[in-house]
Structures are given as C-alpha cells and as structure tokens.
Amino acid sequence: MKSLRKELWFNTPTRVAFINITQEVRTAIKESKIKEGLCLVNAMHITASVFINDDESGLHQDYKDWLEELAPHEPTSHYRHNRTGEENGDAHLKRQIMGREVVVAITNGDLDFGPWEQIFYGEFDGQRKKRVLIKIIGE
Ligand code: ZN
C-alpha cells in the first residue's frame, strides 16, 4: 500500500473565511501516484472545519449568516468557554456544525466527486497560522 501525508497552512486575514482547497488536494493525489484509494482531509484545529459543498458565493454568505445567528461572536461574555480568557467560544461551536473532516474516494487517480462537490477549509478563528492534514492511502 502507498500513502502520502501533507499539510496545508493558512493564515486568513479575516476571523471567518472559506477557502476552496480542491486543487491542493488534487495536487496531493497526483504526488501520491495513488490510483485507487481514500483521501482524508481534516482541520488540525478545533476552531476550523473541512467540508464539501458548492463553490457558490451566495451559499457561502448564507453559511456565514446562519452560523452567526446560531453562535454569534459577540457578546463574547455569553460563552462559558471564554471564561478561560479566550474569545473563540463561538468558533468552537461553528466548527462542530461544519465538521472536522471529509473522506473522498480516489478512482482512477482523481477525486471521485458528484456534480458540484468541492472541498473547503472553513476558518472561524483566523488571523493566525493554522493547518489542514491530507492523508491519502491506496494503490
Ligand atoms: Zn477556545
């Protein structure tokens, strides 16, 4: 069995951001030379997500609005977690809703996607260095 491990690094200029990482994942699959297998992509931080959906700006704004309604950033005193001195209580909750990771089948050396599927990094407590793990296994 072959495998490949790779990290992607991010430092988003805004606290909340969605970044399409599909091409970076495809590049990693090419580097792995794996034709049939599985590809795991996960956020390595508990205030960030990796998820699959449409690359459509209206949808992304809908996500941001919906998440802000569910878990508003302010008032930060609203969250027990912030009693630790942090201000990212909302970011932990947003990450939980949007998920930690995705697993995608690799068929014939590429992501075996349905129509419109794209992989995104979801940042909810940005403006600092954070990373995503890609692990690919197969033959
Ligand atoms: Zn925290």
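Might you let me know whether region 34-56 holds any residue that is in a helix (DSSP H, G or I) and without any contact (Cβ under 8 Å) to a residue 60 or more places away in the chain? Let's see the steps before the verdict.
Filtering region 34-56 down to residues in a helix (DSSP H, G or I) leaves none.
Taking every residue of region 34-56 in turn, none turns out to be in a helix (DSSP H, G or I) and without any contact (Cβ under 8 Å) to a residue 60 or more places away in the chain.
Looking at (1) within 16 Å of the ligand (Cβ to nearest atom); (2) open to solvent by less than 40 Å² (accessible area, probe 1.4 Å), find the lone condition where His60 falls short.
(1)
Tell me, please, whether a residue that is open to solvent by 50 Å² or more (accessible area, probe 1.4 Å), without any contact (Cβ under 8 Å) to a residue 40 or more places away in the chain, within 16 Å of the ligand (Cβ to nearest atom) and under 30 Å from Ile137 (Cβ atoms) can be found in region 20-27.
The answer is no; no qualifying residue exists.
Could you look through region 43-57, keep only residues that are out of contact with any Gly (no Cβ under 8 Å at 6 or more places or on another chain) and hydrophobic (A, V, I, L, M, F, W, C), and pick out the one that is most open to solvent (accessible area, probe 1.4 Å)? Let's see the steps before the verdict.
Initial filter on region 43-57 (out of contact with any Gly (no Cβ under 8 Å at 6 or more places or on another chain)): 44-47, 52-57.
Filter once more, so that each one left must be hydrophobic (A, V, I, L, M, F, W, C): 44, 46, 52.
On the way: Met44: 69, Ile46: 112, Ile52: 46 Å².
For region 43-57, the residue satisfying everything is Ile46.
Can you name the strands (runs of 3 or more DSSP E) wholly within region 81-139 that have at least 3 residues being open to solvent by less than 30 Å² (accessible area, probe 1.4 Å), farther than 16 Å from Leu4 by Cα and at pLDDT 95 or above? Explain how you work it out, then say what you get.
Numbers: elements: 101-107, 118-123, 130-138.
Here the list reads 118-123.
Would you point out which residue out of Gly109, Gly58, Gly85 is within 27 Å of Gln23 (Cα to Cα) and over 20 Å from the mean Cα position of the chain (by Cα)?
Details: Gly58 fails: over 20 Å from the mean Cα position of the chain (by Cα); Gly85 fails: within 27 Å of Gln23 (Cα to Cα).
Answer to the selection: Gly109.
The values are calculated or read from the model by the stated rules, or taken from the named source; none is laboratory data. As the structure is a prediction and not an experimental result, all values here were calculated from the model. Here the Cβ is made from the backbone with ideal geometry for all residues, glycine too, and neighbour counts use every protein chain on show. Quick note on the areas: whole protein, heavy atoms, side chains included, nothing else; ligands and nucleic acids left out. Shrake-Rupley method; radii C 1.70, N 1.55, O 1.52, S 1.80 Å.
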